[in-house]
Amino acid sequence: MGMRDNDREVVLPDALVINKNDFHVKNYVCLDFEIDTSHGDFGHPVHPANQMLLACWSLGPDHPAFEKQDKVYSVWGNEYELKSLVDHLNAAEMLVAHNAKYELGWLKRCGFDIGSTLVFDTKIAEYVLSGNLKMSTSLDDCCKRRGWRAKDPVVDKMMKAGINPIHIPRPWLQGRCIQDVNSTEDLFKDQLALLDRTNRLGVMMVRTAFTPVLTDMEFQGMMLDEERVMQEYERERANEHECLLALQDMMGALNPGSTKDLAQWIYIDLGFAELRKNGKVVRTAGDKPVTNIATIDALEAKTPEQKEWKALYFEWNSSKQRISKYLDFYVAVCNQMDGVFYASFNQTQTATHRLSSSGMRVQFEHVKDEKGKTKSGTTQFQNQPREYKRIYKAKHPDFYFVEEDGSGLEFRVAGMVGDDPQITEDINNPDFDPHYQSAMVINGYDSYEPVSKEQRTAAKAHTFKPLFGGQSGTAAQRRYYESFNERYSSLISTQEGWLSEAKFTKRVILPWGLRLYFPYIKPDKKGYIPERAQIFNAPIQSFATADIIPIQATLLWHLIRDNGYSDKMILVNTIHDSVLAEVHKDYMEAYKELVTLSWQLVYSVIRNWYGEDVLNMMEGMPLGTEILWGDHWNEGDEVSYDITKDTIKECA
């Protein structure tokens with residue numbers, strides 16, 4: 001453990017020395033591609049079978065090659081035939097595109113340095129303008145909302161029907177592509193003015209600066225350890241089969257996979273009481289007993305036989321779910337994708353602006369349906385079950401698999417946005433343990449009474465529940481929630497202020513510019529506001545995982561590039577509050593240096609993009625990171641740091 005003053009030069013990477021005025025440049029390229037989608041996955045550039053068909057682009061009026069307004073360049077050909085486009089991009093200060101991650105992926109295949117240019121993504125800009133509202137960000141819908149011309153309906157229907165653009169008549173496709181370029185350029189100008197006028201340009205900057213990083217990650221994918229995958233698969237199949245045999249032994253001729261047989265067994269043979277709501281028995285629309293998993297979970301098991309069967313059924317169902325949701329996919333990736341799991345990040349889907357992801361679909365050649373056809377499936381790139389992290393490894397034996405995350409990030413952010421001195425004090429106190437604190441209150445202990453490991457573990461689910469507006473629970477849990485609210489009264493006061501703002505203005509405007517809208521907010525008959533938890537949660541979760549983590553990951557990616565380590569340190573994924581990488585074993589110390597430097601530089605980016613007021617909001621609250629490295633994910637050595645703009649402290 002140790003602390004040191006910042007004894008190295010803390011300088012932003014050149015690519016991130018930008019401010020809001022840089023987006024007003026008129027030296028830009030506005031671009032759209034049409035792709036041969038032979039492989040599928042919407043023409044994702046990671047698949048070699050997908051090929052470039054057509055590129056169309058326009059130039060901003062200050063571009064050195066600008067000729068005249070409304071001129072759109074068109075080139076039919078693959079990525080090796082787009083030198084004129086790459087030359088124009090190299091002479092531009094900014095790329096404008098709708099869903100720019102897609103264009104950047106294809107530009108990467110063209111050999112263009114995707115980290116060298118400023119990006120304005122009109123899809124992300126519309127998402128920022130929409131706040132937390134679920135609004136379509138398609139180019140066509142963006143134009144329709146503004147009363148502009150819609151896409152050609154014939155070509156649009158062909159595209160939505162899944163017709164490969166290679167089969168669409170060339171004049172039709174080129175007309176569509178040219179129109180998309182013109183619409184995107186008009187949309188860019190309209191959005192830029194509105195983002196700037198409403199102090200949301202900084203939010204868009206964070207999202208789009210992260211885009212080249214995500215593009216690069218999608219090309220890397222994550223490597224599965226085939227031996228561990230098959231061990232886990234065979235173990236789970238054996239467990240599922242064993243549970244099924246035990247269920248069949250208990251249920252006799254009744255089939256645990258049959259809804260009708262389950263109803264007979266649960267409610268007649270075992271004698272479970274059907275659930276009731278408002279005095280009425282809960283049944284299906286056809287007045288049949290309910291046998292879904294949520295209902296079975298809610299049934300009260302009283303007899304030993306009921307308890308035994310319910311536990312066995314849940315183990316069987318869980319085993320089936322683990323196989324169908326994850327393990328079948330992992331096996332297919334090992335068999336058909338050389339063990340590399342590819343996915344696409346979704347930048348414009350969640351209400352809190354954090355990322356989501358979609359794994360690329362794979363055919364399960366080892367799994368057949370009832371008709372003998374192979375099944376297909378996917379799983380999320382993020383939110384992998386903890387027990388399956390161990391099956392991921394680096395692609396090369398001389399690399400570590402590394403995870404670095406923001407330790408206690410949402411709690412730290414709560415202290416920042418809530419201006420809560422008690423949270424700041426607790427974070428800076430190395431002896432403070434929030435889970436120990438919650439366990440102590442829930443169990444009614446005084447400060448001198450020891451809390452057991454089991455009690456601390458049980459309390460974890462409740463420690464930060466009141467942070468996000470949680471109120472209900474047992475008497476002991478409510479006692480803890482009340483003590484939390486008293487201890488962190490400044491935070492609660494800030495959150496109640498957001499709630500009041502939402503009630504009276506139907507929106508919440510946050511210090512860094514993000515706006516959250518609640519057009520239908522009103523109390524229910526009991527005076528409770530259903531949006532309360534969302535209003536308490538969204539600002540904290542958003543600033544932590546949609547701002548701080550993307551800024552830190554973007555900084556780290558550029559620092560790796562600037563230091564010439566791109567072949568030694570490879571970012572492969574980001575999951576809410578963490579960044580995953582493959583790092584050469586000889587460069588692990590250098591990687592730790594760059595990680596801590598990237599966290600320090602977060603303060604500089606916040607000041608430049610969000611202003612001094614937001615930087616001051618962070619004053620006194622260190623950012624923290626934990627770095628874990630080994631041959632597999634979540635295994636190996638670990639080190640933690642608390643970091644301010646001036647100091648780095650290695651934690652015990």
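Model label points for N335 and A91, set 7 angstrom from Cα along the Cα-to-Cβ axis, are 5.3 nm apart.
Centre-to-centre, using Cα atoms only, region 558-633 and region 171-204 are separated by 31 Å. Evaluate the Debye formula for region 376-448 with equal point scatterers sitting on the alpha carbons, no solvent, and hand back log10 of I(q)/I(0) at q = 0.15, 0.16 Å⁻¹, in q order, two decimals. Values, matching the q order: -0.82, -0.86. Counting only cysteine Cβ atoms and a cutoff under 4.7 Å, the chain contains unmatched residues C30, C110, C142, C143, C243, C334, C651. Counting 0.36 nm for each residue step from N563 to D14 and taking away their Cα separation leaves a gain of 196.4 nm. What a 1.4 Å probe finds exposed on the chain is 48% carbon and sulfur by accessible area, rounded to a whole percent. Give the Debye-formula value of log10 I(q)/I(0) at each listed q (0.22, 0.23, 0.24 Å⁻¹), with one equal scatterer per alpha carbon of region 406-512, two decimals each. Per q value, in the given order, log10 I(q)/I(0) is -1.26, -1.34, -1.41.
Within region 581-652, the proportion of Cα pairs with more than 21 Å between them is 35 percent. Centroid-to-centroid, using Cα positions, region 450-470 and region 299-359 are 25 Å apart.
Placing a label point 7 Å from the Cα of N27 along the Cα-to-Cβ line, the residues of region 50-92 whose backbone N sits under 19 Å from it are 58-69, 84-92. Within the shell defined by Cβ-Cβ distances under 15 Å, the residues around R197 carry a net charge of +2, with Lys and Arg each +1 and Asp and Glu each -1.
The radius of gyration of the Cα set in region 338-494, together with its Dmax, comes out at 21.7, 65 angstrom.
Altogether, the Stokes-Einstein calculation at 4 °C and 1.567 mPa s, with the Kirkwood radius of region 497-652 over Cα pairs as Rh, returns a diffusion coefficient of 73 µm²/s.
To two decimal places, what compactness ratio does region 35-80 give when its Cα radius of gyration is scaled by 2.2 N^0.38 Å? Can you show the working numbers first?
Numbers: Rg = 14.1 Å, N = 46, 2.2 N^0.38 = 9.4 Å.
Relative to the 2.2 N^0.38 Å estimate, region 35-80 comes out at 1.50.
Work out the FRET efficiency for Q231 and K71 from their Cβ-Cβ distance, taking R0 = 45 Å, and round it to the nearest 0.05. That gives a FRET efficiency of 0.15. Computed over region 487-589, the convex hull of the alpha-carbon atoms projects to a mean area of 9.8 nm². Accessible surface for the chain, divided over its residues, is 45 Å² per residue with a 1.4 Å probe. Kirkwood radius and radius of gyration were both taken over the C-alpha atoms of region 104-205, and their ratio Rg/Rh is 1.00.
In whole angstrom, region 342-398 maps to an equivalent ellipsoid with semi-axes of 26, 20, 11, each derived as √(5λ) from the alpha carbon gyration tensor and ordered largest first.
The values are calculated or read from the model by the stated rules, or taken from the named source; none is laboratory data. Only a predicted model underlies this, so the values are computations on that prediction, with no experimental measurement involved. With ideal geometry, Cβ positions are generated from the backbone for all residues, glycine too; neighbour counts draw on all protein chains shown. When the accessible area is computed, the model is the full protein with side chains, heavy atoms only, and any ligands, DNA or RNA have been set aside. Shrake-Rupley method; radii C 1.70, N 1.55, O 1.52, S 1.80 Å.
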